[in-house]
Amino acid sequence: MPTPRRAIFLDRDGVLNRSVVREGKPYPPANADEVEILPGVAAALEKLKAAGYLLIVVSNQPDVARGTTTRAAVEAINERLAQGLALDEFRMCYHDGPDNCHCRKPRPGMLTDAAREHGLDLAACVMVGDRWRDVEAGQRAGCRTVFIDYGYGEKQPERCDIRAASLAEATEILLRSGTAGAGAPKPSSTKGQP
């Protein structure tokens, strides 16, 4: 029987590309021309891919439901990221909170759907995000969690397995710890989006 696959689930804005921070809260870029891949992200993803992880982007994009952006604009940003980064798949939730969908983080639907489709062992998977919703979705799915801490002026996750300043730092901690589902990496506590 083949070994179940493992994945790194990645939030998009603030993990892969720079968020636009206004009044202490992060927002996605308005269009593909505003996309700025964060330092160290491309190399980190290559290392994770070489370690055998499937790399799946899971992102809430409620501005589509709110009518302040279009699905085409979100997909154009994804396409820009896909051109420069070793990513396997994008899964977007286009709903807003009142839609009560199963996929909007902190609900784990995007992760559990991907696990079912790809034969993933969620206990060997990792969710990486920069907001409490990301961390909680990973915990609900049974994944290890990484919180990229930029010190946003909003609710913070109550707990996470790894706290890091960037995806590059988190990747080094994950890879030093061996498999994602084994060992407890020592958390880091630096802050500040580069």
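Counting only residues that are touching a strand residue (DSSP E or B) at 6+ places or on another chain (Cβ under 7 Å) and of a type in the set (A, V, I, L, M, F, W, C), which one in region 11-36 is modelled with the lowest pLDDT?
Here is the first cut: in region 11-36, the ones touching a strand residue (DSSP E or B) at 6+ places or on another chain (Cβ under 7 Å) are 11-17, 19-20, 26-29, 35-36.
This time we only want the ones that are of a type in the set (A, V, I, L, M, F, W, C), so: 15-16, 20, 35.
Details: Val15: 98, Leu16: 98, Val20: 93, Val35: 97.
The qualifying residue modelled with the lowest pLDDT is Val20.
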Within region 1-44, the residues that are more than 23 Å from Ala114 (Cβ to Cβ) and either in a helix (DSSP H, G or I) or free of Cβ contacts under 8 Å to residues at least 12 places away in the same chain (or both) are Arg22, Ala32, Asp33, Glu34, Ala43
Please give the strands (runs of 3 or more DSSP E) falling wholly within region 76-179 in which 1 or more residues are β-branched (Val, Ile, Thr) and under 14 Å from the mean Cα position of the chain (by Cα). 126-129, 144-148, 162-164
Six or more apart or on different chains, Cβ atoms under 8 Å: show the pairs whose first residue is in region 74-96 and under 15 Å from Glu34 (Cβ atoms) and whose second is among the basic types (Lys, Arg). Ile77/Arg12; Asn78/Arg12; Leu81/Arg12
From the list Asp149, Asp161, Asp134, which residue is over 22 Å from Tyr27 (Cβ atoms), in contact (Cβ under 8 Å) with a residue 24 or more places away in the chain, out of contact with any Leu (no Cβ under 7 Å at 6 or more places or on another chain) and acidic (Asp, Glu)? Asp161
Can you confirm whether Met127 is under 16 Å from Val15 (Cα atoms), surrounded by fewer than 20 Cβ atoms within 10 Å (Cβ to Cβ) and among the aliphatic types (A, V, I, L, M)? no
What's the number of the only condition in (1) in contact with a helix residue (DSSP H, G or I) (Cβ under 6 Å, 6 or more places away or on another chain); (2) at positive phi that Gly24 fails to meet? (1)
Any residue at all in region 45-56 that's hydroxyl-bearing (Ser, Thr, Tyr), within 27 Å of Leu122 (Cα to Cα), assigned to a loop (DSSP other than H, G, I, E, B) and touching a residue at least 24 places away in the same chain (Cβ under 8 Å)? yes
Consider Arg66 against the criteria (1) touching a residue at least 24 places away in the same chain (Cβ under 8 Å); (2) touching a helix residue (DSSP H, G or I) at 6+ places or on another chain (Cβ under 9 Å); (3) closer than 23 Å to Glu136 by Cβ; (4) surrounded by fewer than 19 Cβ atoms within 10 Å (Cβ to Cβ): it satisfies all of them except one. Which criterion is unmet? (2)
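The values are calculated or read from the model by the stated rules, or taken from the named source; none is laboratory data. If you're wondering where the values come from, they're calculated on a predicted model, not measured in any experiment. Because the Cβ atoms are built from the backbone with ideal geometry, glycine has one as well, and the counts that use them run over all protein chains shown.
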